[in-house]
Amino acid sequence: MPKHYRPAGKKKEGNAARYITRSQAVKYLQVSLSLFRKLCILKGIFPREPKKKVKGNHHTYYHTKDILFLKHEPLLEKFREMRAYEKKIKKAVSKKNRDLAERLLTRKPSYTLDMLIRERYPKFIDALRDLDDCLSMVHLFAALPAVEREKIPVNRVHNCRRLGHEWQAYISRTHGLRKTFISVKGIYYQAEIDGQKITWLTPHALQQVLPDDVDYNIMLTFLEFYEASNISFVNFKLYHSINVKYPPILDPRLEAVAADLYALSRYFDNRAFMTESKVTSSSESDVSKDLGKGPNYDESELRLAQLQQQIPSNEPGALMHLLQNAMETDEDDAETRECKALFKDIKLFLSREVPRESLLFVIPAFGGIVSWDGEGAPFKETEQSITHQIVDRPTQGHKFLSREYVQPQWIYDCVNARILLPVEEYLVGRIPPPHLSPFVDNEAEGYVPEYAETIKRLQAAARKEVLPMPGVGKEDLDDPQNLLVEGVIDRAEAIEAAEKKRKMSVLQKQYHDELKKELQSTQISAALDGNKECVSELIDTGEDSLPDLSQISKDEDSMSKLGMSRKKQKLLKAMEIGKEQKQARVRLLEERKRRAEEGKKSGK
C-alpha cells in the first residue's frame, strides 16, 4: 500500500482540499479558459502558491473557496445568457434572416460592474489604495494607437485620455502632487489624497509600437474594470468633495486644440465662481427679506449674465484665469500650503518642443501660472510679465531680457526639492545637473550624490538653518566658539552653551572611567579563579590588558547565531549578503565618480 493512500470515499484533507488547479476549476465552473480569466480579473481572484503542490509544480493553483465564490457569481449567469444570445444572432445570420439579426443586435444584453466595485471596495479609502495600477493602465492606453486587430477602438483611447485628464485636473486643483521623476519608461508621479500616497507612471509623448508578445485581451479586461468602474467612481467622489459637478463639461474649442487639461482647470474655476455667486446671492436675498427693502431678484442669474457679457466668445483663452485663485481652506496641511506657494510668484511660458501636457499638470499643481505656444493659450510669448520660459533646444534665437530661459528639468527638480533652485545650472545650451530620484533614500542606500548635498544646503538656507561646511563635522558646528565667531549666537548664549558642553564632557569621562574599572575588576576575578600569579601582572599592565571590544562583539554575534534556528540563520545570512551587495554598489558609484573627476581634470 502506498504511503499516502486514501481509501475511496474518504474526505480530502490538507492542501488537497484547500487548493484546486486551474483545469479543475474550469471544468467545475463549465466555462472556457478566457471567460475564467475574465471572471478572476473582475472579481480580484489570483493564483496561490501552496507549500505542498499536490498535483505537481507545473499546475496553477487557486483556493477552493475562491472557486466556490465564483460559482455563485451573478455575472457568470449573465455571461452565459450573453453567449446564448450570440448563438441566436449567429443562427439568424447563417439563415440570412437579416431583419431578425438586426432586431436581435439592437436588444443585445449588457452588464455593469457597479456591484463589483461595492463588493471589492467597501470604503473609499480601499479604492484609493488600489489606484496605482489603475492609473498606470489608463495612462498607458491613452498613449497607445487605436488598432482594430488588437480590439483597441478609438473611443476607448479617447475615454482613457479623458479619465486621465480628469484625474490630473483634480490633483492640480487641490495641489496634491508631491513627487515626480523622469525616467526611461516614462514620468513617475506621486500624489497624496486623504493620507494615501498614490504613485503612477505615464508614458512619454512618443509614437508607441505595439509588441506582438503581449496578450492584449487580458490587459483590456483589466482596463474594462478600471475605466468603466474604478477610476470613474473615484473621480466622481473626488469631484463632489470639492463641490464640482461630474462629468465636467469642457470647452469644445479647447478640446479641438488638445488643451483638455487647461479646459478642465477653467471648468473648476467656473464652478467655483458660480458656487461663490450662489452663496453671495442667497446671503443678499436673506438680508433683503429681513430688511424688507427692494424686490427679490435672482442674483445668480444676474452675475452669470455679467460674466457672459465680460467674456468674448471668440477668445477661448480669455474665459477664465488658470488656477491662480484656488480656494483657501483651513483644512490644508503644511505640506499642501508649501506646494501651493512654490511657483506662486512665477509666470511661465512653454516652448513648442517641451512636454506640454506634463508641465501643464505639474506647474499649476504647485501654484504657477503657465501658457504655451499655440491656439487657446491664456497669454502669448510677448507678454512682459513672464518670468521664466521653458526651452528644450541647444540655442535660443530671440530672447527677452526680463525673463530666464531654463530647461524643463528645472521644473521637476524644483518640485522635488520644494524650493526654487538657481537657474544657472539649467540655462539653455548647458548640460544640466543629474536628475535625482525623490523615491530613493540616499541615507539608507549609503551613498549621497554630490548634487543631493548641494540641494540639502540650499533647502537649509531657505529654511534659515545652519549646516556644517564640507569637511567640517557636526561636533565643530556645535562648538559655541565657532557659532559665536560666525555670528549665529550672542556671547551670553555662547557662555551658557560652553558650560553645558563642559559638564557633558565631565560626565562622559566619568562614565568611561567607571566602565574601565568594571572591565578591569572582571579580569582580575577571572584570573583569581584560574592562576593567582597573573594578578600582579594584570594590575601592572592596567589599560594595556583590556580586551578588544571588536572581538567581544564578534564573539557575542557568534553566540547569538548558535541559539538561532536554521531558518533564522538563513534569513540573517541573506541580510548580510544584502548589506555586502549594497556596500559593493556604493564602492562602484564612488569609483565611477572618481574616474569622472579624473577625466574632467585631464580634459581641462
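The values are calculated or read from the model by the stated rules, or taken from the named source; none is laboratory data. Predicted, not measured: the structure shown is a model, and the values here were computed from it. No Cβ is skipped: glycine too gets one built from the backbone with ideal geometry, and neighbour counts run over all protein chains shown. We work out accessible area using only protein heavy atoms, side chains counted, and drop any ligands, DNA or RNA first. Shrake-Rupley method; radii C 1.70, N 1.55, O 1.52, S 1.80 Å.
Out of Y451, Y412, Y447, I need the residue that is of a type outside the set (G, A, S), part of a helix (DSSP H, G or I), touching a residue at least 40 places away in the same chain (Cβ under 8 Å) and assigned by the TED database to the domain that holds F366. Which one? Explain how you work it out, then say what you get.
Numbers: Y451 fails: touching a residue at least 40 places away in the same chain (Cβ under 8 Å); Y447 fails: part of a helix (DSSP H, G or I).
It is Y412.
Looking at S525, S521, S536, S553, which is the one that is within 30 Å of Y447 (Cα to Cα), part of a helix (DSSP H, G or I), at pLDDT below 75 and not hydrophobic (A, V, I, L, M, F, W, C)? Steps first, answer last, please.
Working: S525 fails: within 30 Å of Y447 (Cα to Cα); S521 fails: within 30 Å of Y447 (Cα to Cα); S536 fails: within 30 Å of Y447 (Cα to Cα).
On inspection, the qualifying residue turns out to be S553.
Out of (1) surrounded by fewer than 13 Cβ atoms within 10 Å (Cβ to Cβ); (2) within 25 Å of E338 (Cα to Cα), what's the single condition that is false for V184?
Looking at each condition in turn, V184 falls short on (2).
Assess whether L70 counts as being open to solvent by less than 90 Å² (accessible area, probe 1.4 Å) and over 30 Å from G164 (Cα atoms). Please lay out each step first, then the result.
Values: open to solvent by less than 90 Å² (accessible area, probe 1.4 Å): yes; over 30 Å from G164 (Cα atoms): yes.
So L70 fits the description; yes.
Step by step: first the residues of the range 415-444, then only those that are assigned to a helix (DSSP H, G or I) and among the polar types (S, T, N, Q), then the one that is nearest to the chain's Cα centre (by Cα). Which residue is that? So that I can check it myself, show each step before the final result.
The initial filter retains those residues of the range 415-444 that are assigned to a helix (DSSP H, G or I), namely 415-417, 424-426, 442-444.
Now narrow it down to the ones that are among the polar types (S, T, N, Q): 416, 442.
Values: N416: 12, N442: 18 Å.
The selected residue is N416.
Can you pull out the residues in the range 112-127 that are in contact with a Gly (Cβ under 9 Å, 6 or more places away or on another chain) and open to solvent by less than 40 Å² (accessible area, probe 1.4 Å)?
Hit for the range 112-127 is L116, nothing else.
Cβ-Cβ under 7 Å, sequence separation 6+ or interchain: first residue in the range 57-84 and closer than 11 Å to A25 by Cβ and outside the structural domain of C40 (by the TED database), partner of a type in the set (S, T, Y) and at pLDDT below 90. Which pairs?
Pairs that qualify, where the first residue is closer than 11 Å to A25 by Cβ and outside the structural domain of C40 (by the TED database) and the partner is of a type in the set (S, T, Y) and at pLDDT below 90: there are none.
Being at pLDDT below 65, assigned to a helix (DSSP H, G or I), over 29 Å from V448 (Cβ atoms) and out of contact with any Gly (no Cβ under 9 Å at 6 or more places or on another chain), is that true of even one residue in the range 564-571?
no
It is to be established whether one or more residues within the range 140-160 are within 20 Å of R129 (Cα to Cα), open to solvent by 40 Å² or more (accessible area, probe 1.4 Å) and at pLDDT 90 or above.
yes
Which residue pairs have Cβ atoms closer than 6 Å, lie 6 or more positions apart in sequence or on different chains, and pair a first residue in the range 113-138 that is within 24 Å of L75 (Cα to Cα) with a second residue that is of a type outside the set (G, A, S) and part of a loop (DSSP other than H, G, I, E, B)?
Note: pairs meeting the criteria are A127/Y121.
Just one of L238, L177, L223 is open to solvent by less than 40 Å² (accessible area, probe 1.4 Å), closer than 19 Å to L116 by Cβ and modelled with pLDDT of 90 or more; which is it?
L223
Hey, K96 hits all of (1) assigned to a helix (DSSP H, G or I); (2) farther than 28 Å from L163 by Cβ but one; which does it fall short on?
Status for K96: all satisfied but (1).
Give me a count of the residues in the range 28-45 that are free of Cβ contacts under 8 Å to residues at least 12 places away in the same chain and either among the hydroxyl-bearing types (S, T, Y) or open to solvent by 100 Å² or more (accessible area, probe 1.4 Å) (or both). Lay out the reasoning, then the answer.
Going through the range 28-45, the residues free of Cβ contacts under 8 Å to residues at least 12 places away in the same chain turn out to be 30, 32-33.
Now drop any that are not either among the hydroxyl-bearing types (S, T, Y) or open to solvent by 100 Å² or more (accessible area, probe 1.4 Å) (or both), which leaves 30, 32.
Qualifying residue count for the region: 2.
Does the range 444-458 include one or more residues that are modelled with pLDDT under 80 and loosely packed, with under 12 Cβ neighbours inside 10 Å?
Start the filter on the range 444-458 by keeping residues that are modelled with pLDDT under 80, which leaves 444-446.
Still in the list and also loosely packed, with under 12 Cβ neighbours inside 10 Å: 444.
Yes: one or more hits.
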